[in-house]
Structure formats: structure tokens, C-alpha cells
1. Per DSSP helix of 4 or more residues, -39500 (n - 2.57); summed, then divided by the residues of the chain. What does that give at 222 nm, rounded to the nearest 500?
2. Past the 19 angstrom mark, what percentage of all C-alpha to C-alpha distances in segment 194-299 do you count?
3. Could you compute the net charge surrounding residue 187? Neighbours are other residues with a C-beta less than 14 Å from the C-beta of residue 187; K and R count +1, D and E count -1.
4. Can you give the relative contact order of segment 69-112 as a percent, counting alpha carbon pairs under 8 Å and 6+ residues apart?
5. Please go through segment 1-64 and write out the GluC sites (Glu not before Pro) that DSSP classes as loop and that have at most 15 other C-beta atoms within 10 Å.
6. In the chain, what percent of the accessible surface is made up of carbon and sulfur (1.4 Å probe, ligands and nucleic acids excluded)?
7. Sort largest first and round to whole Å: the equivalent ellipsoid semi-axes of the chain, each the square root of five times a Cα gyration tensor eigenvalue.
8. Between helix 25-39 and the chain, what is the angle of the helix's C-alpha long axis to the longest principal axis, kept within 0 to 90° and rounded to the nearest 10?
Amino acid sequence: MRIDQILAAGEQPVFSFEFFPPKTEVGERNLYAALEELRSLDPAFVSVTYGAGGSTRARTIEIVHRIRAEFGLEAMAHFTCVGATVPELRATLDEMLAAGIDNVLALRGDPPAGHDEWVKTEGGLEYSRELVALIRADYPFAIGAACFPETHVHAVSPEADLAYLVEKVDVGVDFLITQLFFDNAVYFDFLARARAAGIEVPIIPGIMPITHAGQVQRMAAMCGASIPAGLRDELHARGEDAEAVLDFGVAYATLQCAELLAGGAPGIHFYTLNRSPATRAILSALKLSRPWEPAVARL
């Protein structure tokens with residue numbers, strides 16, 4: 001089913017999970033174990049990332065197909081411009097269509113291996129909006145795209161980044177998923193700016209539960225997400241106590257998601273890192289407390 005149709009139904013918040021193609025047999029077993037455990041939470045969809053330079057193209061399509069066929073879950077394939085000519089991009093889209101895939105997350109992608117800055121492939125595309133336009137013109141997929149509440153790391157300014165997002169949505173994006181963030185004020189401010197700029201598609205907040213202090217700091221630095229001082233202090237106070245960090249991370253993400261849903265967010269997209277325990281605990285608590293409903297409705 002198309003994700004834009006799922007979102008349009010609007011009956012409940014849309015919960016979704018992101019996974020990446022594993023590189024080893026152990027990693028593959030862990031992925032499918034996580035999927036089995038998370039399936040019971042009835043996610044609206046899951047997504048599967050696309051390796052650097054398109055390195056996991058075949059694996060991404062294979063995993064998405066398997067998730068749909070064996071797990072009965074809707075799945076979305078990530079898709080980037082990196083390392084491919086336009087005919088090669090079309091060939092991959094044809095493969096996705098033949099595999100029965102309905103949803104694509106269209107991304108520019110990170111710079112190719114060995115490059116610090118983005119380099120367009122000769123005969124390829126330079127911007128994600130060009131990829132969106134190509135898909136919209138010739139393929140029936142529902143198209144998602146990324147957005148950056150704290151501004152893309154390569155953007156010259158927040159205003160320029162938002163103007164680019166407007167162009168991208170205008171050529172055919174059906175919904176947006178944000179980069180991870182740890183301060184909800186960032187999301188609500190970005191939402192207000194996006195709506196004022198004329199962007200009307202659903203904007204799903206992307207949340208990464210903190211399970212390891214060092215890892216979250218590296219991820220935040222890589223994507224330009226800020227870590228609030230209070231959160232940083234709490235992580236530092238737990239030092240090398242991995243269990244304490246995990247417990248705090250689950251509690252923090254649960255509160256963060258509850259506030260987002262109470263504030264009208266259309267759902268939550270969890271960056272799972274191919275693990276299930278933290279996401280299971282958070283989503284189970286959310287489904288039990290139902291913060292998106294008015295308090296009086298829960299009495």
C-alpha cells in the first residue's frame with residue numbers, strides 16, 4: 001500500500017522503522033530477528049536504506065521484497081543519485097517496480113567514497129529534486145524525501161535549505177521524514193517555517209533512541225543534529241554505565257515521542273540501527289498511553 005494513502009487515512013499516528021542492509025550473516029540474522037520482534041507492534045511501514053554509492057542496491061530491493069512477502073509489512077526502498085547514470089537509475093526503478101515495491105524514499109545521497117564533497121556522476125543527476133522529478137514523471141511510486149530541521153550540513157543557510165525543500169516538494173514529494181533530532185522545539189519550529197513556506201505534505205519526525213552515548217554523539221555530529229546541554233549532561237553523568245545510558249535513552253525518547261504526538265505529529269519514524277529492544281519498549285509505552293488523544297478521551 002502507498003504510504004501517502006496510509007498517512008491520508010489519518011485514523012492513528014503512523015509508526016515506522018528504518019533498517020539497513022547487513023554486511024554479514026550474523027547481521028542478517030539480527031535484522032530478521034528484529035523484524036520478527038517489531039512486527040507484533042504493527043508498524044505502518046518499514047524502510048530499508050541504500051548503501052554508500054548505491055553499494056547495497058540489490059540487497060535493498062531484495063530485503064524490501066522479503067519484508068513484504070514474508071513478514072506482511074509494507075516496506076519502502078531508499079534510493080539515491082550516487083554513482084549512477086540516468087539510464088542506470090531508471091533500470092533500478094524498473095527493478096523496484098517489478099519487485100512489487102510501492103514506495104521510494106528519494107535522496108541525493110552522501111558523497112561518493114573518497115570524496116569529502118558531493119560530486120555528480122557523469123550522465124547522472126546532481127540534486128534529489130531531479131530524482132523526485134524523474135520518478136514522478138514515469139513511475140507510480142509514492143515518493144518520500146528527507147528534510148533537515150536543523151538545516152542540511154551542506155546548505156548555505158536555513159533559508160536556502162527551506163527554499164530548496166519547497167522546490168523538491170513541488171516536483172512530486174508525497175511526504176517528508178526528518179533527520180534525527182533531540183530537541184522537540186527544533187521540529188515544531190521547522191514545521192511552522194515549512195508550513196509558512198507553503199509545504200503542506202505530512203512531515204514525520206525521525207527519532208533515534210539513545211542506546212550508546214558515544215554512538216549518538218557521532219551520529220549527531222555526522223548529520224548536524226544538536227544535543228541539548230541537559231541531555232549531554234545526563235549522558236555524561238552515566239559515564240561508561242551502558243545499562244544506565246540505555247535506560248535513560250529509552251525514557252528520553254519515550255517522552256520526546258509523546259510530546260511530538262501530543263503536539264500533532266503524524267507519526268514517528270524510528271531509526272532502529274537494526275535493533276529492536278529500545279524501539280519495542282518506546283512504542284509499546286506510546287501505544288499504551290496514547291498521548292495523541294485528548295486526556296478526557298482516555299478517562
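The values are calculated or read from the model by the stated rules, or taken from the named source; none is laboratory data. The structure presented is a predicted model; accordingly, all values stated were derived computationally and were not measured. Every residue, glycine among them, receives a Cβ derived from its backbone with ideal geometry; neighbour counts consider all protein chains shown. The area values use the complete protein model at the heavy-atom level, side chains included, leaving out ligands, DNA and RNA. Shrake-Rupley method; radii C 1.70, N 1.55, O 1.52, S 1.80 Å.
1. Values: 11 runs with 142 residues, N = 299.
After summing the helix terms and dividing by residue count, I get -15000 deg cm²/dmol.
2. Details: 2797 of 5565 pairs.
Distances greater than 19 Å cover 50 percent of the Cα pairs.
3. Details: positive: 193, 195; negative: 150, 183, 189, 259.
Taking every Cβ under 14 Å from that of residue 187, the sum is -2.
4. Numbers: 33 pairs, mean separation 26.6, N = 44.
Across segment 69-112, relative contact order equals 60 percent.
5. Numbers: sites: 11, 18, 25, 28, 36, 37, 62; in loops: 11.
Here the sparse-neighbourhood loop sites are 11.
6. Numbers: 7380 of 13740 Å².
The value for the chain is 54 percent carbon and sulfur by accessible area.
7. Working: eigenvalues 162, 96, 89 Å².
Ellipsoid semi-axes (Å, largest first): 28, 22, 21.
8. The angle comes out at about 60 degrees.
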